[in-house]
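The structure appears right after this line, and notes come after that.
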Amino acid sequence: MSAVLPKKKERRWIRQVFFCVCCVLINLAFAVIPRELHLPLYLDTIGTILASVTGGSVPGIIVGYLTNIINGFADVDYIYYAVINVLIAVFTSFFERKGWFRKITKTALAVMILSLTVGTLGSVLTWLLYGFEFGVGTAAPLAKALYNTGLFSQRAAQLAADIAADLVDKTLSVVIVLLAVRLMPRQFVKSFHFRPWKQNPLHGEERRRDQKSNTRGMSLRGKIMIMVSVVMLLIAIVSTGVSFIMFRNAMIDAQINMAHGVANVVADAMDPDMVEQYLTLGEDAPGYAEAEKKMIAVRESSEDISYVYVYQIREDGCHVVFDPDTGETKGDDPGSVRAFDPSFLPLIPDMLAGKSIAPIISNDTFGWLLTIYRPVFDAAGKCVCYAGVDISMVQVRLVEYRFLAKAVSLFMGFFITVLGIGIWLAEYNIVLPINSMARVTGGFAYDSETQREESVEKIQSLGIRTGDEIENLYGAITKMSGDTVHYIADVQQKSQTISRMQDRLIAVLADMVESRDQYTGNHIWNTAAYVRIILEELRRENLFTDVLTDEYISDVLHSAPLHDVGKIHVSDTLLNKPGKLTEEEFSKMKEHTLAGREIISQATSVAADSTYLKEAQNLATYHHERWDGSGYPFGLKGEDIPLSARIMAVADVFDALVSKRSYKEGFPVDKALRIIREGSGTHFDPRIVEAFMKVEQEARSIAEKSQQTEQNKVISDLL
């Protein structure tokens, strides 16, 4: 059996991996159709939706992410949109879990949410990655049509068109998937569910309950999510920050290299020895026009080059040698003087000395620029001017923003994928096993041996096999619960033995007291029997329900034989006197109630937790009290007399009436019953008398059996 299960599990994993591969191929295959037919659709998420509906969020996420990675080999831009495919998997699996795809209205709502979310995110992501360009992409014709209505701006028209295209695309994709699932056999669809159980599978209410974490603080699932998120965010921030800095430096270095090359071309385009004539004659100087044309040509070679110029640096400012016009700005005339920009003031001494100047990034009069100044020397080696190039940094900033957008989109796709898989693995490897153990141990029943054994079986039936510390914990809990049940059974067995010994010792003690009376050997057993049938009848009639618990009845029955324990202090002569007691002798006899209370009180001080001794004390002390208050030793009245003593009063008197005593013969049962009935409301509690009369037949049986036993004993003694 153990060899079969791993093979079955292995086949299941192979089938599920194959299913994911098929879903990826479905995405790739269906994406070709709209491209070939020039349809305004994508159809590249059908496999993702199918995997999410049949297998759950994790296979959907894996299929969506892998689809974009594979497409990225042909067009790297696909990788940046992996986050959209992953989100489709998350949303779709959520809708499936909530049962939305079983109703047409909720299916339509799910499609609307998907389209709105995906369409908006895709449109915004495209704008962030590549800048806004109206009328491009799958939804270009619709975007232009919306814009032409005059109701939309270009950006709003593009966004609305993208959402509309996604609405059609996702509606068609969901319909295809739901039809395919409906046509598949139900058992076949279930075989693709991704459930990496590390225990015996849970179903129905048990699974739903164990997936929830009813904790005082944050759940373990939440802590895992936060931990994974924080770690990934820290990694993303550090890696993205380092990458951004390296990318930015590389961009600036590339711009600097380009600027140096342009500055060299500008310097080479002019004759250094003609600088003074350029300053005085301007465009009339020989070779000036040709040099300026070369400068304009090199400036127009790249849209990043904003300005090229040649300045002669003097103390009063920058004297213009060349400053070609641009499409937006007219250049300064040759010989004119331009004041130093604030950013260049620290460099003036070096420039006056003809030294090389490091690249300068400034944001002054002409905007955010990278400036390169290259000194130009005449034939005598004197610096006569500087060839200057201004490279616009605006484009660099846009490229940086797009780099960040790509990095964030890559991270988000990867983040959701890793987080989804991480939570999924934690669910089956940590959360479910722990919650399952908490559920079955929290519901462990100790009330009976059957319930205890069933509770142990529930723990054992979990079959947790994570292979780590959780499995060790499960093994320890399983062993502890089994050992506890065996220990409880052993304790109960010993407790029962002790209880039987205790009952026997009580009986022996009661026998020692009663055996001193040669006529009343069966009294303790008879009274206990009468007490039992009265208690049972009171319970059947639902009387004294707040008192007559199982424990109370047990305590009364166990302590009933001790009701006359105080007679141990009464002399044998008085106890067995054949005639009526004198008043003084009766007073002595009545002291047995107080003597009984004292004896049991001493026992109670040693065994304070024995509840049956409390009732034994009540019985020994108060069983001669009367309902009307005329009894002894304290003259208690009505319900001030403990219930157990009121019951014993009926049982004790009835047995005394029907039993032979040293001073009388036993009364017939009918006469004894009549006397008990007549004492109702005076001697006895009326409700107890009524209950006793209802079990008259049982009382007769006990009395007649006792009388027969006494008769047999007398005959035996005579023989």
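The values are calculated or read from the model by the stated rules, or taken from the named source; none is laboratory data. Source: prediction; values computed, not measured. All Cβ positions, glycine included, derive from the backbone under ideal geometry; neighbour counts span all protein chains shown.
Structure values in brief
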read-out	value
Of all residues in segment 615-638 being surrounded by 20 or more Cβ atoms within 10 Å (Cβ to Cβ) and hydroxyl-bearing (Ser, Thr, Tyr), the one that is farthest from Leu548 (Cα to Cα)	Thr621
Pick from segment 16-43, criterion of a type outside the set (A, V, I, L, M, F, W, C) and outside any helix (DSSP H, G or I), ranking: surrounded by the most Cβ atoms within 10 Å (Cβ to Cβ)	Tyr42
Meets criteria (modelled with pLDDT under 95, of a type outside the set (A, V, I, L, M) and within 22 Å of Cys385 (Cβ to Cβ)) for Asp284	yes
Whichever residue in segment 390-414 is in a helix (DSSP H, G or I) and small (Gly, Ala, Ser) and, among such residues, is farthest from Met246 (Cα to Cα)	Gly413
For Gln199: the one exception among (1) polar (S, T, N, Q); (2) surrounded by 20 or more Cβ atoms within 10 Å (Cβ to Cβ); (3) in contact with a Phe, Trp or Tyr (Cβ under 7 Å, 6 or more places away or on another chain)	(3)
Scan of segment 242-284 for residues that are of a type in the set (Lys, Arg) and within 17 Å of Ile305 (Cβ to Cβ), ordered by number	none
Any hit, segment 341-352, residues being part of a loop (DSSP other than H, G, I, E, B), more than 19 Å from Ala259 (Cβ to Cβ), assigned by TED's automatic domain parsing to the domain that holds Asp378 and more than 60 Å from the chain's Cα centre (by Cα)	no
Among the residues listed as Leu543, Leu581, Leu548, the single one being touching a Phe, Trp or Tyr at 6+ places or on another chain (Cβ under 9 Å) and in a loop (DSSP other than H, G, I, E, B)	Leu581
Hits in segment 71-109 (condition: over 25 Å from the mean Cα position of the chain (by Cα), loosely packed, with under 15 Cβ neighbours inside 10 Å and in a helix (DSSP H, G or I))	Phe73, Ala74, Asp77, Arg102, Ile104, Thr105, Lys106, Ala108, Leu109
Single residue of segment 415-451 satisfying the filter (outside any helix (DSSP H, G or I) and of a type in the set (Gly, Ala, Ser)) that is surrounded by the most Cβ atoms within 10 Å (Cβ to Cβ)	Ala445
Residues satisfying the stated conditions in segment 302-338, i.e. in contact (Cβ under 8 Å) with a residue 40 or more places away in the chain, farther than 17 Å from Val265 by Cα and in a loop (DSSP other than H, G, I, E, B)	Asp333, Pro334, Gly335
Qualifying positions in segment 142-165 - without any contact (Cβ under 8 Å) to a residue 40 or more places away in the chain and either surrounded by 19 or more Cβ atoms within 10 Å (Cβ to Cβ) or touching a Gly at 6+ places or on another chain (Cβ under 6 Å) (or both)	Ala143, Lys144, Leu146, Tyr147, Ala157, Gln158, Ala160, Ala161
Arg299 vs. criteria touching an Asp or Glu at 6+ places or on another chain (Cβ under 7 Å), under 17 Å from Thr371 (Cα atoms) and in contact (Cβ under 8 Å) with a residue 24 or more places away in the chain	no
Residues satisfying the stated conditions in segment 10-33, i.e. at pLDDT below 85 and either in contact with a Pro (Cβ under 9 Å, 6 or more places away or on another chain) or under 14 Å from Val63 (Cα atoms) (or both)	Trp13, Gln16
